[in-house]
Amino acid sequence: MSAKAKSNEIKITRVYDASVEDVWDAWTDPEQVKHWWGPRGFTLTTHGKDLRPGGHWTYTMHGPDGTDYPSKMIYHEVETHRKLVYDHGGHDDRPPMFRVTVLFSENDGRTTMDMTMALATPEAAEQTRAIIKKMGGNSTWDRLAEYLEKEETGKEKFVIARSFAAPIETMFEMWTDPKHFSQWLAPTGFEMQFIRADIRTGGSTFWYMAAPGMKMYGKAEYLKIEKPGTIVYTQQFCDEHENLSRHPKVPAWPATMLTTVQLTSEGPDQTRVTVTWEPHGATTPEELAAFIQQKGGMTLGWTGSFDKLDAYLEKVGAAG
């Protein structure tokens, strides 16, 4: 478990299904880092990289709207497969925004990345949190998970993670008790109702989501539920009679999706939720292309749901 962040620090902890060597290489090899660095929808051009204390990485992030974000990262400590310390957010015409310490450790073939961003003041930390949220900066670490997965298995997956101020037992209930699940899962602007709900290993659900002028039906089959940390289910769009149908807005969307939810305790009252989405079963090239193209929309959709979950936890007193 990571140490609690100081008021002027931002801490991020992620666990990746990859060796520490692979995670390190993904971080430090310019040919690999270009595939995942930056918020979802951004691309990257490296102009020069000198990975050593006193060296620098000069690059430009290209936003989806065409805006360029030039940056020069200055390295202070480089311990292969173990530690990076660098100044971030500066360039030739401006000072760094904060200092970053990244620790890498491996256990049973999985690598933990512990990152600390240290800013000058608590106020600066709050401002940076707001910037990261606005730009979707946390999706950078989701993109790293997707990149490592694709390199290892060749599979295209979507990953999104978020930390919630609630104990793991409460978070498990949020995902497995229909009266809670229906209050937050639907995208922003939609309401969800279960027609049938049997959330257990081997069970299934039938539901609809509704917004003004739109109603979508869906069903899920639960493949594995292990309290308190794992929930795996498939889901499909269907009609009101449970006959298979297609996404009303994306006809080429895969017919069946596999959802894997991992809950990880980060403390007595803190839980990280990691959701992995992937096409399941026979998938056409057109469906796979639609899945890849919609990753930005998936990020917005899950972010909206997670915002609703945060608000719901406050309402029921779990995060108070």
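Data table
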item: Residue list for the stretch 142-156, filter: open to solvent by less than 30 Å² (accessible area, probe 1.4 Å) and within 15 Å of W302 (Cα to Cα); result: D142
item: Filtered residue count, the stretch 233-281, keeping only those that are surrounded by fewer than 16 Cβ atoms within 10 Å (Cβ to Cβ) and in contact (Cβ under 8 Å) with a residue 60 or more places away in the chain; result: 3
item: Selection within the stretch 99-115 - in contact (Cβ under 8 Å) with a residue 40 or more places away in the chain and either in a strand (DSSP E or B) or within 26 Å of G296 (Cα to Cα) (or both); result: V102, F104, S105, E106, R110, T111, T112, M113, D114, M115
item: Residue that is surrounded by fewer than 16 Cβ atoms within 10 Å (Cβ to Cβ) and free of Cβ contacts under 8 Å to residues at least 12 places away in the same chain, where the choices are G202, G189, G213; result: G213
item: Selection within the stretch 302-319 - closer than 16 Å to S182 by Cβ and either under 13 Å from the mean Cα position of the chain (by Cα) or open to solvent by less than 20 Å² (accessible area, probe 1.4 Å) (or both); result: G304, S305, F306, L309, L313
item: Residue list for the stretch 52-75, filter: basic (K, R) and surrounded by fewer than 17 Cβ atoms within 10 Å (Cβ to Cβ); result: R52
item: Residue within the stretch 76-85 that is acidic (D, E), open to solvent by 40 Å² or more (accessible area, probe 1.4 Å), touching a Ser or Thr at 6+ places or on another chain (Cβ under 6 Å) and without any contact (Cβ under 8 Å) to a residue 24 or more places away in the chain present; result: no
item: Complete set of residues in the stretch 86-128 that are small (G, A, S), open to solvent by less than 30 Å² (accessible area, probe 1.4 Å) and over 20 Å from S7 (Cα atoms); result: G90
item: Search result, residues across the stretch 171-186 that are polar (S, T, N, Q) and either within 19 Å of L223 (Cα to Cα) or open to solvent by less than 30 Å² (accessible area, probe 1.4 Å) (or both); result: T176, S182
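The values are calculated or read from the model by the stated rules, or taken from the named source; none is laboratory data. Bear in mind that the values here come from a model prediction, so they are computed numbers and not experimental data. Cβ atoms come from the backbone with ideal geometry, glycine included; neighbour counts cover every protein chain shown. What goes into the accessible areas is simple: the full protein's heavy atoms, side chains included, and nothing from ligands, DNA or RNA. Shrake-Rupley method; radii C 1.70, N 1.55, O 1.52, S 1.80 Å.
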